[in-house]
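> Structure incoming, see below.
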Amino acid sequence: MESELLIGWQQEKAELKQEVCHLQEELSESRAEREELESRSRALNDRLSQLVSPSLALSLQVEAEQKQWKRRVREGREREARQALLIHRLQNKVLEYKSRCQCLELQLQDGLKQLLSTERRIRDEHSDSLESALIRLEEEQQAETNALLCEQLSQSEQANQALREDLQKLTADWTRAMEEVEQRESDWLREKQ
């Protein structure tokens, strides 16, 4: 059952990584589209300013810049919201994962208690030779169980560390995106002045 949980976690982690890659692709595509549209807009504005009177051209340019700024702000907020949602989902997965790890640790402790109780009971019920054979058998079983549980716990810790690293990367990406939006806003304001 624990291996099924681990496989499920790994699948969820892979899905989340795909979603992050998809968001990054969308972000790069939207940047390319935005740059192309900005280039077309500048060309059209230049042609329009040559054809129209200077005051009308200036007002059209200001209006275009305002629309462009509003669109940039809206896109930045949308990206921020998507990234915040993704970070929230990852945080929930980390909390769920921690809870499952705690359950596994409790199951391990319960299993060890049951093994010790069974060992004591068998010692009391059987003769010395049979008792020593059973003790050896249980010790071997306990060693195998412990090794298996330790391996599962190690895998769980590795998966947890990978989720932490993903969360840190997403947080860094989100911070960079916010700084980029703030920088663009300040650039726009300086250009406007």
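Please treat every number below as a calculation from the coordinates, not as lab data. Small disclaimer: the values here were computed from a predicted structure and weren't measured. Glycine gets a Cβ as well: all are built from the backbone with ideal geometry, and neighbour counts include every protein chain shown.
> Show me, for segment 18-23, the HN-Hα J-couplings you get by feeding each phi into the Karplus relation (A = 6.51, B = -1.76, C = 1.60, θ = phi - 60°), rounded to Hz, glycine and proline as x.
Computed from phi, the couplings for segment 18-23 are 4, 5, 5, 4, 4, 4 Hz.
> While we're here: Calculate the FRET efficiency for Q168 and W188 from the Cβ-Cβ distance with a Förster distance of 41 Å, rounded to the nearest 0.05.
0.85
> Taking 0.36 nm per intervening residue step and subtracting the Cα-Cα distance, what contour gain separates L112 from Q10 on full extension?
Separation in residues times 0.36 nm, less the Cα-Cα distance, equals 34.0 nm.
> Which value at 222 nm does the chain reach when only helices count, each DSSP H run of 4 or more adding -39,500 (n - 2.57), with the total divided by all residues and rounded to the nearest 500 deg cm²/dmol?
-36500 deg cm²/dmol
> Same structure again: With angles folded into 0 to 90 degrees, how steeply does helix 128-192 sit against the dominant principal axis of the chain? Use alpha carbons for both and round to 10.
10
> Most fluctuating residue of S28, S99, S59 in a GNM of the chain with Cα springs under 10 Å: which is it?
Of the options given, S59 has the highest mean-square fluctuation.
> Moving to a separate point now. Could you check the simple spin-label distance between C103 and N146, using points 7 Å along Cα→Cβ, in nm with one decimal?
With each label placed 7 Å out from Cα toward Cβ, I get 2.6 nm.
> Can you tell me the relative contact order of the chain? Whole percent, Cα pairs under 8 Å, sequence separation 6 or more.
Rounded, it is 37 percent for the chain.
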